[in-house]
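Report on one structure; see the data block that follows.
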Amino acid sequence: MAQYSRISGSVGLITLKSPPVNALSAVVRQGIVDTVEKALSDPKVKSVVICGQNGIFCGGADIKEFAGNMSGPPLVPIIHAIEAANKPMVAAIEGIALGGGLELALGCHYRVAHAKARLGLPEVTLGLLPAAGGSQRLPRLIGVPAALDLITTGRHVTAAEALQLGIVDQVTDHKTVDVAVKLALSVAGKPLDARRISTYLCPPLSALDPLFEEVMQKVRQRARGAIAPIACVQAVRAAAALPYAQGMEREKELMATLFTSGQARALQYSFFAQRAVSKWSTPSGARWDTSTPRPVHKVAVIGLGTMGRGIAVALAQAGLSVVTVEPQEKQLMEAKQAVSGMLERGAKKRGVAPPLNNITYNSNIQAVADVDLVIEAVFEDMALKKKVFQQLSVVCKPGTFLCTNTSALDVDQLASQTRTPELVVGMHFFAPANVMKLLEVVYGPRSSPQALATAMQLGKKIGKVSVAVGNCRGFVGNRMLKPYIEQAFFLLEEGATPELVDRALEEFGFSMGIFKVSDLSGLDVGWRVRKGDGLAEPRATGQSARIREGRRYSPLGDLLCEQGRFGQKTGRGWYQYSKPGGREPSSDPWFHSFLKEYRAKHGLVPRAIDHQEVLERCLYALINEGFRILEDGIAAGPEDIDVIYLFGYGWPSYRGGPMFYAGMVGLPKVLDRLEHYYQAHPDVPYLQPCTLLRRLVASGSPPVHKWREVIKKLHSQL
Ligand SMILES: CCC/C=C/C(=O)SCCNC(=O)CCNC(=O)[C@H](O)C(C)(C)COP(=O)([O-])OP(=O)([O-])OC[C@H]1O[C@@H](n2cnc3c(N)ncnc32)[C@H](O)[C@@H]1OP(=O)([O-])[O-]
């Protein structure tokens, strides 16, 4: 709703009221219509201030409404009426003015912002464009280049930047409404023609066409298949080229295409999924709202390899006190230099002082005696990690949470090395840990709800999207990756090339195909794991070389590693590079003839494989494992899996994550194709459709937000 009052004698005050962010729901829009009418028809009112309750101006359109039938008055005529008003309208912006909220403010004749406010048009991140006049007013106000930047990226700007760009007229440290009222009093009765942004022409630019061409090219490259950023450029181009009314028509047309697109649905799903994962629960009944985290001020990081360094930087940047431990003096000194460099570069980017003093460097593990929480990040070796946990159990003060950054090992085995298994959880960061947003927080069977809540809270504090997951080999993300990689190897055996597989995945929206990623992260990583599992030893030729434990196995990756082809670091992998450490992959004739020989040796007759088969085999195998993870209760819901893939594995955001994507494709189709491929490859268990997928299809393939009900039923029957 919106509340109306008259203050200081002649100022009408309209307050938006719709917690938590005063989104423009149907009720709020109706409230604005009613209160603006009241203010304009009251002869005592000479000017009007619009603000939001609880220090928040407005978070934009109510995203929840997008999924249903929109009702209530539309926003565009409301903003037109405000702009056309014959009394000065002043927006008092506190907290945020985002999307429709900023568009509402742009309809006002004046804008005052609090110094701590943030403004932006983030519609593009929801698969939309600012279609309440934002794409037409902003370029008229601040010029085409700056508007393009804001609208195509959706980035928020500070009040200071908004002032510099000309989005707001005034920034204040005082009570924003008081300052806005003062301004409203001072401008009462003054002419308003020059304050109506829709009447402006975009500031002239000499080479408009080349500018748009250049921007479009850049945006296309960055968008990798997303349609909203392209539509945003087209809308701004209309602002630059057309009169306002025609520009608005174009804005409406473009929005209509976006609004009903699968991409917008996917991005809006992902917005709510991100928020849903913070409301975690476990099969044993622990929940986010009944578990109290303990405050964490001082954290230890054990091991300063690549992961440990990134974790230490992330913690220090969030203002935590960090105690690092690396037993070898030489490595410790090298790490100190590297970490300091990372902190300095990060601080320079953000224009702040580097938090160098937040970190201490130690070679003795005794230094962690008084920390609140430890993150172990030593080499991925169970025996070594066990030893560290035994030491931590002795050295740390009672009650210290002990976390491991393992990416796949059994958290419970580590917990059993300590006297306090209830205080042990996994904190699986993704490289580079100071950049990547994802954190898998892994609870073992004995982890206490408080330990889980504390790790989740710490993740939030350091800016991560944290997802609580159960304990199993590879947890959620890496467990699903296994069948995906396996299918890619099999496709090479059957006739595909790394180039073909990567192209199909990149056209789908991944920034890099699977073989390029493998070259980047190092083929030796997976080789070490397969060797550890007893899979990678050379076998006799013939069929048995391609069977392990009764299942189909491809030794291709092992064979490359045996040749010292570890990927980018050795200059050779699935592709070749100009030198060891080279970044630009190019097709490698050696690999192609090797593959030919390999197929001939194993009696494999290559066949034509198209992009569709690549996508179906790789992605449906991954999705099938996702369903198994839900079946096993390792992830609480499809949102958890999707958020993990969106933030940790480069899944294209406009496809909403693998489980959402399965729903978009249609669960019966996914089931049908898996059945088809399983029939063709009965020695590949990952292709066998799992029970939950069958159950969902049998229940009429409900939308993704209803899957939890089916999962619950399935669990109750097990
Ligand atoms: C023609 C029309 C054209 C206009 C289009 C638009 O305006 S498009 C819109 C353009 N606007 C945007 O894209 C802004 C989207 N919002 C944001 O970026 C952030 O939420 C924030 C910066 C506003 C606050 O961050 P924060 O970390 O402080 O808090 P938080 O993120 O945890 O959110 C708290 C709660 O508020 C909820 N909620 C929030 N916004 C909306 C909304 N618009 N709607 C509905 N709900 C919304 C959110 O779900 C959560 O609910 P829960 O889980 O408690 O039930």
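The values are calculated or read from the model by the stated rules, or taken from the named source; none is laboratory data. Quick caveat: nothing in here was measured; it's all calculated off a predicted structure. Using ideal geometry, Cβ is built from the backbone for each residue, glycine included, and neighbour counts are taken over all protein chains shown.
Examine the range 182-191 for a residue that is small (Gly, Ala, Ser) and touching a strand residue (DSSP E or B) at 6+ places or on another chain (Cβ under 8 Å), and state whether such a residue exists. The answer is yes; a qualifying residue exists. Given the structure, is SER25 within 11 Å of the ligand (Cβ to nearest atom) and among the hydroxyl-bearing types (Ser, Thr, Tyr)? In short, yes.
Of the residues that sit in the range 59-82 and are in contact with a strand residue (DSSP E or B) (Cβ under 8 Å, 6 or more places away or on another chain) and farther than 18 Å from ALA256 by Cβ, which one is farthest from the ligand (Cβ to nearest atom)? For the range 59-82, the residue satisfying everything is ILE82.
Within the range 121-161, being of a type outside the set (A, V, I, L, M) and within 12 Å of the ligand (Cβ to nearest atom) holds for PRO122, GLU123, THR125, GLY127, PRO130, GLY133, GLY134, SER135, GLY154, ARG155, HIS156. Criterion applied to GLY603, GLY564, GLY571 was being at pLDDT 95 or above and surrounded by fewer than 15 Cβ atoms within 10 Å (Cβ to Cβ), and the one residue passing it is GLY564. The numbered conditions (1) more than 17 Å from GLY59 (Cβ to Cβ); (2) within 16 Å of the ligand (Cβ to nearest atom); (3) at pLDDT 95 or above; (4) within 29 Å of the chain's Cα centre (by Cα) are all true for ARG118 except (1).
Report, by residue number, each residue of the range 214-269 that is outside any helix (DSSP H, G or I) and more than 18 Å from THR153 (Cα to Cα).
Matches in the range 214-269: LEU242, PRO243, THR260, SER261.
Of the helices (runs of 4 or more DSSP H) lying entirely inside the range 508-593, those containing at least 3 residues that are over 30 Å from ALA226 (Cα atoms) span 523-532, 556-562. Taking the range 270-291 as the range and being outside any loop (DSSP other than H, G, I, E, B) and either more than 12 Å from the ligand (Cβ to nearest atom) or not basic (Lys, Arg) (or both) as the test, the residues that pass are SER270, PHE271, PHE272, ALA273, GLN274, ALA276, SER281, ARG287. Among the residues of the range 83-115, which ones are within 13 Å of the ligand (Cβ to nearest atom) and of a type in the set (Lys, Arg)? Listed by number, the list is empty, since nothing qualifies.
Could you pull out every one of the helices (runs of 4 or more DSSP H) wholly within the range 642-705 that has 3 or more residues that are at pLDDT 95 or above and farther than 16 Å from ARG628 by Cβ? It would help to see each step written out before you state the result.
Details: elements: 658-665, 667-680, 691-698.
Hits in the range 642-705: 658-665, 667-680.
A single entry from ALA312, ALA347, ALA316 fulfils the requirement of being under 24 Å from the mean Cα position of the chain (by Cα), hydrophobic (A, V, I, L, M, F, W, C) and closer than 24 Å to ASP410 by Cα: ALA312.
Per this entry, ILE547 is counted among residues that are over 30 Å from SER321 (Cα atoms), in contact (Cβ under 8 Å) with a residue 60 or more places away in the chain and surrounded by fewer than 17 Cβ atoms within 10 Å (Cβ to Cβ). Scoring LYS385 on the criteria (1) surrounded by fewer than 19 Cβ atoms within 10 Å (Cβ to Cβ); (2) of a type outside the set (A, V, I, L, M); (3) farther than 16 Å from ILE462 by Cβ leaves a single failure, condition (1).
In the range 664-688, the residues that are closer than 20 Å to SER701 by Cα form Cβ pairs under 9 Å with partners that are surrounded by 18 or more Cβ atoms within 10 Å (Cβ to Cβ) and acidic (Asp, Glu), at six or more places apart or across chains, as follows: VAL670/GLU616; ARG673/GLU616; LEU674/GLU616; HIS676/GLU616. Take the conditions within 19 Å of ALA451 (Cα to Cα) and either at pLDDT 95 or above or among the hydrophobic types (A, V, I, L, M, F, W, C) (or both) and apply them to VAL368. Does it pass? It is true that VAL368 is within 19 Å of ALA451 (Cα to Cα) and either at pLDDT 95 or above or among the hydrophobic types (A, V, I, L, M, F, W, C) (or both). Considering only residues in the range 211-238 that are within 22 Å of GLN268 (Cβ to Cβ) and β-branched (Val, Ile, Thr), the one that is surrounded by the fewest Cβ atoms within 10 Å (Cβ to Cβ) turns out to be ILE227.
Restrict the check to the range 292-305 and report whether at least one residue is basic (Lys, Arg), assigned to a strand (DSSP E or B) and touching a residue at least 40 places away in the same chain (Cβ under 8 Å). Yes, there is a match, as at least one residue in the range 292-305 is basic (Lys, Arg), assigned to a strand (DSSP E or B) and touching a residue at least 40 places away in the same chain (Cβ under 8 Å).
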